[in-house]
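Trainee: My structure is below; once you've seen it, I'll send some questions.
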Amino acid sequence: MTETPITDLDWSRVPSPSFVVDRRLLERNAQILGRVREEAGCKVLLALKGFAMWSCFDVFRPHLDGCCASGPVEARLGREEFAKEVHTYAPAFSAEDLAETIPLSDHIVFNSRAQLECHLPAVRASGRKIEVGIRCNPEYAEVEVELYNPCARGSRLGSTRAALWSPPLPRPVPDALMLQLQPLYQAWRAQQVGRHVGLGRIDVGEIDHLDAVLDEGRCRRLGG
């Protein structure tokens with residue numbers, strides 16, 4: 001990523017230590033993400049694990065759909081300060097954490113079928129309209145450093161196809177969720193993962209190929 005130094009600030013006026021953010025650069029990045037959102041027809045979320053400076057949420061709020069949180073604390077931050085959709089995922093929810101998370105979340109993603117089976121009744125009993133998902137491990141990745149590969153052999157992040165369908169998931173797993181999972185795994189098995197499963201992290205400093213990515217995303221979404 002190309003560095004963009006702040007050149008028009010009198011640094012002698014800045015107390016040390018300080019954390020200085022150029023809101024102009026945030027606005028530029030937010031506009032790029034807003035373009036992705038509009039042209040690809042997808043939702044774009046702010047990952048609070050990566051950027052949780054709530055004093056700058058007003059820059060991103062007009063361009064993004066909401067936040068993704070990694071537990072009840074981040075979910076509360078997203079609900080109270082960003083005030084749009086909150087998508088919460090955690091490798092494991094305790095009953096206590098889930099009880100805090102449910103009133104704050106619009107989407108909850110579980111890491112495994114065991115977590116889904118354990119906690120789905122509590123989500124349904126809440127009476128809130130919450131979308132439920134499960135993290136999938138496609139058993140494929142192009143990550144060069146194995147330490148950072150969520151699909152590495154033995155990884156516990158997400159569920160493999162074998163873990164999801166052997167034996168079949170019991171009801172009341174939402175039918176809509178199952179309909180979404182089946183074609184995803186069919187695509188993975190055909191080695192057509194591509195960008196159909198999501199853009200993940202977007203490096204807004206390297207967007208030379210953004211138009212091609214958006215074109216492919218539109219094509220896949222429309223079934224082309």
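The values are calculated or read from the model by the stated rules, or taken from the named source; none is laboratory data. This is a predicted model, so every value here is computed, not measured. No Cβ is skipped: glycine too gets one built from the backbone with ideal geometry, and neighbour counts run over all protein chains shown.
Trainee: Which pairs have Cβ atoms under 7 Å, sit 6 or more apart or on different chains, and link a residue in segment 143-171 that is within 21 Å of Phe93 (Cα to Cα) and modelled with pLDDT under 85 to one that is among the acidic types (Asp, Glu) and outside any loop (DSSP other than H, G, I, E, B)?
Mentor: Going by the 7 Å Cβ cut-off, the qualifying pairs are Pro170/Glu117.
Trainee: So the check is Cβ under 8 Å with 6+ separation or different chains; which pairs have a first residue in segment 82-110 that's of a type in the set (Lys, Arg) and a second one that's in a loop (DSSP other than H, G, I, E, B)?
Mentor: Filtered contacts from segment 82-110: Lys84/Arg61; Lys84/Leu64; Lys84/Asp65.
Trainee: So Lys43 clears everything in (1) farther than 20 Å from Ala69 by Cα; (2) out of contact with any Leu (no Cβ under 8 Å at 6 or more places or on another chain); (3) modelled with pLDDT under 90 except one condition, right? Which one?
Mentor: That leaves (1) as the condition not met.
Trainee: Could you list all residues from segment 110-140 that are among the small types (Gly, Ala, Ser) and within 17 Å of Ala163 (Cβ to Cβ)?
Mentor: Matches in segment 110-140: Ser112, Ala114, Gly133.
Trainee: Right, here's the next one. Of all the helices (runs of 4 or more DSSP H) wholly in segment 1-118, which have at least 3 residues that are under 23 Å from Ile130 (Cβ atoms) and touching a Gly at 6+ places or on another chain (Cβ under 9 Å)?
Mentor: Per the criteria, 95-101.
Trainee: Could you tell me whether Glu85 is among the charged types (D, E, K, R), closer than 30 Å to Cys56 by Cβ, touching an Asp or Glu at 6+ places or on another chain (Cβ under 9 Å) and in the same structural domain as Phe51 (by TED's automatic domain parsing)?
Mentor: yes
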